[in-house]
1. Checking the condition buried (at least 16 other Cβ atoms within 10 Å of the Cβ) and either not hydrophobic (A, V, I, L, M, F, W, C) or not in a helix (DSSP H, G or I) (or both), which residue from A:161, A:211, A:123 passes?
2. Can you spot a residue in segment A:393-415 that is within 14 Å of chain B (Cβ to nearest Cβ) and assigned to a loop (DSSP other than H, G, I, E, B)?
3. Could you check, for segment A:373-382, whether at least one of its residues is in contact (Cβ under 8 Å) with a residue 40 or more places away in the chain, in a loop (DSSP other than H, G, I, E, B) and either surrounded by 20 or more Cβ atoms within 10 Å (Cβ to Cβ) or within 14 Å of another protein chain (Cβ to nearest Cβ) (or both)?
4. Under the condition of being closer than 26 Å to residue B:153 by Cβ, in a helix (DSSP H, G or I) and not basic (Lys, Arg), which residue from segment B:1-41 is modelled with the lowest pLDDT?
5. Is at least one residue of segment B:59-69 within 27 Å of residue A:382 (Cβ to Cβ), within 12 Å of chain A (Cβ to nearest Cβ) and surrounded by fewer than 24 Cβ atoms within 10 Å (Cβ to Cβ)?
6. Would you point out the residue of segment B:76-88, among those that are more than 8 Å from every other protein chain (Cβ to nearest Cβ) and in a loop (DSSP other than H, G, I, E, B), that is surrounded by the fewest Cβ atoms within 10 Å (Cβ to Cβ)?
7. In the set A:169, A:218, A:249, A:229, which member is free of Cβ contacts under 8 Å to residues at least 40 places away in the same chain, farther than 30 Å from residue B:25 by Cα and within 11 Å of another protein chain (Cβ to nearest Cβ)?
8. Looking only at segment A:108-120, decide whether some residue is surrounded by 15 or more Cβ atoms within 10 Å (Cβ to Cβ) and among the hydroxyl-bearing types (Ser, Thr, Tyr).
Amino acid sequence: MRSLRGRLLLSLWIAVGVIAVLSAGVAYLQVSRQAKVLLDNLMQQIAAIAVSKSTAAAGGVKDEDSDIEVAVWDSSGALQYSTSAEITRPLSASTGFSEVLVGRERYRLYASVIDGRHVEVAQPVDMREDQAEDAALAALLPMLLLMPVLALVIALVIRAQLRAVKELAAAVARRDTFASTPLPCAALPAEVQPLVQDINRLLARQSEAAQRERHFIADAAHALRTPLAALQLQIDVLDGSSDPVERAARLADLRDGVQRASRLSEQLLSLARVESSLELTGQGADVNETLRDLRELYEPAASAAGVTLDLSGRSRGLIRGAPRHVILICSNLLDNALRYSRCGGKVELRADNSDTGVRIEVWDEGPGLPEDELPRVFERFYRAPGDVSTGSGLGLATVEALVRQLGGRISLHNRADRSGLIARVVLPFAGA
Amino acid sequence: MRILIVEDDFMIGSSLVRGLKDEGYSVDWLRDGAQADAALRDPANEFQLLLLDLGLPSTTGIEVLRGLRRGGNNIPVLILTARDGLADRVEGLDQGADDFLVKPFEFAELKARIRALARRHVGRLEPQLKTTFLTLDAASRSVTREGRNIRLTAREYALLHALMQRPGTILSRAQLENKIYGWMDTVESNAVEFLLHTLRQKIGSEQIENVRGVGWRVVTGK
């Protein structure tokens, strides 16, 4: 079982059990040894009393059911009295404690000489062991009774402490898939709270992403309607004319329509990719090196439109991201610049270093934009009033999202003499 | 019949113009709400139907429609829009639109709705226009005389359609020109007379009567 509660219970129970067994063992040994010491003391006391009383009342020190035997001899060696018929002569020549065999019974023996008389006190070893064991077991009993109580207390404490976690789990299990409300974490132990707070932050980010996605799908479905409506009409009117020239023109229009729809789907895909990637990876990009590719890409379209294309790069150092990111940014800006350029106009792209990174500017000679429209054109599908071009309204939204992800800034400016628009992008250096 | 299209998308607009001209309508196309507003106020333009896109730059379609109805113009209006939300449809109809078509749509449906609106506008229930001898079926764009099919060019058809809208009503040359030519069409001074001549040859010259100095009308017949 991998549950925290189960593991806590098991390990605590094992620990308590081991400690209890060890301490019980130690206690048992100690108590039984002490009991034997006490019995030895008792034998010494009995010896002293037996000597003092032996003249008065022989055998008076012995209880009826006592297992301790006592015998006293006078200084001449004559037996004064003995509590046992089997002990008539001294069992030990020396004094002090020893073990002797009387008949078939082993005895613990204490011998001493007091006032010239020889005293011996004997007790069967088996009896001594029994008494020591009884004492030790009596000392262990409360400890053994407390063990289950302790185990129960441990289980209850753990259960109480983990109740909040269990309730949290139940709350998580009950949640809707797309619920965005944070999980309650006020009642949780301090150790678990950071985890739940992190999960809550993750939930918030996820619900934000899901909402962005839903909006995007709605926007995309709406944006696809216009090109689809055009395609439907272009197909419907294709057969309407019998004039071969007119029919060829209608077919050409249909091709344009298909191209527009596929361009829109590409742009939607590109925007979706940029918006959904949380972190852009790349080894860094040299803006100057991408200019050659851009020139090859855009020279044909520019010369077909009669527009002069001038790309100049004087930047140094690598910016964050990858060359394809730079190309995506620049090509969207160049698309726009060419779209709004007149025949005979000029489109310039300049890349150079600013203090924080590489600055890319695209200058066109188009109509520019009203000042209050400048920030709004970054919105998805936004079209400036009066703009009748075939742009999808996604290019700048894509560029803005990409630039933001690369840690850069983008802004649009009308040229001072209103002779066109400047798109300015600043991208930070790699590692900055 | 003369139709004004207000649609900012170039591809949709140009295809609509082509398709409706194929059908014999005279068509004008504007891409901007403010221009449409001005064109609709000009009494020289006698439009019989307005195809209106809602998502226009500057002045929106709804604003054009509101201005139109406030000015007392009761021209049939068919809204074309990519917005299919209930609120959009309800607002369009409440502001005075006669019908609503959500993009993308099939051209055949648009044509049918245009015919239905035109019919309803002149208070006619039958889909065909009739005189004693002639029958004009707008749906199939066919003309028959006493059961016999007559083949007409788009312009001849448009001319006959204009005259048969209200059989017996006299229409002047200017009125006829207005109904069958758009702004972009170059109209020669005797174009209407030439068309009348070829039309009369096909349907029988006695079917169209010239009222000297006033204009022409189709004969209702007896």
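1. A:123
2. yes
3. Yes; the residues of segment A:373-382 include at least one that is in contact (Cβ under 8 Å) with a residue 40 or more places away in the chain, in a loop (DSSP other than H, G, I, E, B) and either surrounded by 20 or more Cβ atoms within 10 Å (Cβ to Cβ) or within 14 Å of another protein chain (Cβ to nearest Cβ) (or both).
4. Filtering segment B:1-41 for residues that are closer than 26 Å to residue B:153 by Cβ, in a helix (DSSP H, G or I) and not basic (Lys, Arg), the one modelled with the lowest pLDDT comes out as B:22.
5. Yes, some residue in segment B:59-69 is within 27 Å of residue A:382 (Cβ to Cβ), within 12 Å of chain A (Cβ to nearest Cβ) and surrounded by fewer than 24 Cβ atoms within 10 Å (Cβ to Cβ).
6. Residue satisfying both the conditions and the ranking: B:85.
7. Answer to the check: A:218.
8. Looking through segment A:108-120, at least one residue is surrounded by 15 or more Cβ atoms within 10 Å (Cβ to Cβ) and among the hydroxyl-bearing types (Ser, Thr, Tyr).
The values are calculated or read from the model by the stated rules, or taken from the named source; none is laboratory data. Because the structure is predicted, anything quoted here is derived from the model rather than measured. Because the Cβ atoms are built from the backbone with ideal geometry, glycine has one as well, and the counts that use them run over all protein chains shown.
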